[in-house]
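Reading through the C-alpha cells given below for one structure.
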Ligand code: ATP
C-alpha cells in the first residue's frame, strides 16, 4: 500500500510539474478540494469531454446535447429530493454552540497524533462515514476525548446530517434576495428541459439528452486529489424509455458505457461492475463502473434506472403535465397513449475520468543501454487520440535553415491537430520532456532533411526512431488519432 501511495504522490507532483493540474489559489496556500487545470490538463480534459460528447450525440441519432445553467429555480432541488436528503454528518458543542463537520473535527484531532494512530483514526472515521453510522461517529469522538477548540469541553450533541449543497443569494437587494443553490448534479437541468427538447427536437421515445458541466458539492471527505472535489465536472446522459422496457436499456447502457471506457484506452481488466444492493428509493436498478485507482477500486461512473421518479416529481412540484404521447403501436396493436417516460441515467465524472487516464498513463521506466549504463525516463503513455499535444516539431539546431523547415511543417499540421514547436536544449532532453508531457510523436528536422526531405520520427511508447518523408508526417499522425 505504501508503494501505491508513493506512486500516487508521484503522479500528483508530476501533474503539477508539467502543467496538468494545480491546487486552486495556491498563491494563497490553496483552497481545499478545489483544483485548476493547467495548459496541458485543460487540453486533455477537453479531449476527453469531446470524445464523450461525440460518442453520445454524434454517434447516436436519438441523443441530443444541451447546456443548462448552473443556477436553477430553488424548487427544482426540493422536487429532486436534494434539499431534504443530500447530506453528510455534523456535530455541535453544547458549551460553545460551535458547529463542526464531523470529519473536520476528527481530522484536526488526528493532526495532533502520531502517524500510526492518526491513520487508524482516519480509517475508522471513513468506515463509519461510508456506512452512515452517526452513533458510531459520536462514539469515536467521545472515545478519543476530542474537545471543542473554543470551550475545551467534550460536551457534544448527537451527530446530524449536513446538506452538501452550496447556497447563495440571487437578487440585488439582500433582504429580498432568494436563496438558490449551485447545482450538485447536472441531471436536473435535463429533466426540467425534457418537454422543451422533446417538442422542439420532435424527439421520439426512446431518446436521450446529454449534458456536460460543473457540479458543486460541499463534500465532507474531500481527499484523494481530483477524485473527490468540491467543484467538479459531470458528463451525464438521461435516456427516456417506455415504462417496462427499462431493464433492456439498463443492460444496453451498462455494456455500452464499459465499452466506451475501453475505447479510450482503459484496459478491460482495470474496470469492473459493482451492483448496488441498497437502492435509492427512486431506483429499480443501479450499478457503478469501477476503476482500479492507485488507492483501490472506486466508482468512476454510475448507471441508474431511475423509473419515472424525476419527471413525476417535477410534474408534481411545478403542477404541469410532463408526459409523452406515444402514437406507435404496442405488441397488442394498441396505441400507448400518454405516459411518464422511465429514465436510464449514465453519469461519469470528467475529473475522475481524467485521474483514471493519467494514473494508467504515468510510468517510470528503467533499462540498460547497449554500452551497459543505466537509463530511465518518466513517460505519460496517454493514448494518441486524447493526448493534449499530438506532435512535437524539433529542429536539431537553431540555425542552417532548420527552424524554417520546421515552421513549414508546423504550418502544414497545426490546423489538423495540436503541435508543439521547440528548438531549445539537446534533442535527448527535448524527447524526455515530450515523454513526460505525453506527446506521442516527435519529429526532428536535421541537415539531411535539407537534402532529401526526410525527417526522424520518434514514437513515444517504443522510443523507436525512423526516417520518413516529411510529407508523410501529417498522415502518420492523423491516422493514429482517429
Ligand atoms: P461517490 O459515491 O463517490 O460520492 P456518488 O455516488 O455520489 O459518488 P453520483 O452522484 O452518482 O456520485 O455522481 C456521478 C459521478 O460524478 C460519479 O460517478 C463521479 O464520477 C462523479 N462525482 C461525484 N462526486 C464527485 C466529486 N465530489 N468529485 C469528483 N467527481 C465526483
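A few comments on the model shown:
- Within the stretch 277-311, the residues that satisfy the criterion of being farther than 20 Å from residue 249 by Cα and not in a strand (DSSP E or B) are 278, 294, 295.
- Test: residue 393 is outside the structural domain of residue 455 (by TED's automatic domain parsing), within 35 Å of the chain's Cα centre (by Cα) and buried (at least 19 other Cβ atoms within 10 Å of the Cβ): no
- Candidates 232, 239: the one that is surrounded by 20 or more Cβ atoms within 10 Å (Cβ to Cβ), within 16 Å of the ligand (Cβ to nearest atom) and within 30 Å of residue 119 (Cβ to Cβ) is 232.
- The one condition in (1) out of contact with any helix residue (DSSP H, G or I) (no Cβ under 7 Å at 6 or more places or on another chain); (2) over 26 Å from residue 217 (Cα atoms); (3) in a loop (DSSP other than H, G, I, E, B) that residue 154 fails to fulfil: (1)
- Residue 345 in contact with a strand residue (DSSP E or B) (Cβ under 9 Å, 6 or more places away or on another chain), surrounded by 12 or more Cβ atoms within 10 Å (Cβ to Cβ) and modelled with pLDDT under 95: no
- Positions within the stretch 362-378 being surrounded by fewer than 21 Cβ atoms within 10 Å (Cβ to Cβ) and under 21 Å from residue 16 (Cα atoms), in sequence order: 363, 364, 365, 376, 377, 378
- Any pair with Cβ under 7 angstrom, 6 or more apart, that starts in the stretch 196-218 at a residue that is within 21 Å of residue 242 (Cβ to Cβ) and ends at one that is modelled with pLDDT under 95 and surrounded by fewer than 19 Cβ atoms within 10 Å (Cβ to Cβ): 205/242; 205/326
- Of all the listed residues (226, 190, 264), the sole one being away from the ligand (no atom under 12 Å from the Cβ) and either more than 23 Å from residue 84 (Cβ to Cβ) or surrounded by fewer than 18 Cβ atoms within 10 Å (Cβ to Cβ) (or both) is 264.
- Residues that are over 24 Å from residue 5 (Cβ atoms) and surrounded by 14 or more Cβ atoms within 10 Å (Cβ to Cβ), drawn from the stretch 267-288: 276, 282, 283, 284, 285, 286, 287
- Residues satisfying the stated conditions in the stretch 125-141, i.e. modelled with pLDDT under 95, farther than 21 Å from residue 84 by Cα and surrounded by fewer than 18 Cβ atoms within 10 Å (Cβ to Cβ): 126, 127
- Residues located in the stretch 312-329, provided they are closer than 18 Å to residue 248 by Cβ and surrounded by 14 or more Cβ atoms within 10 Å (Cβ to Cβ): 324, 326
The values are calculated or read from the model by the stated rules, or taken from the named source; none is laboratory data. This structure is a prediction, so every number in the text was calculated from the model and none was measured. Note that each Cβ is placed from the backbone with ideal geometry, even for glycine, and that neighbours are counted across all protein chains shown.
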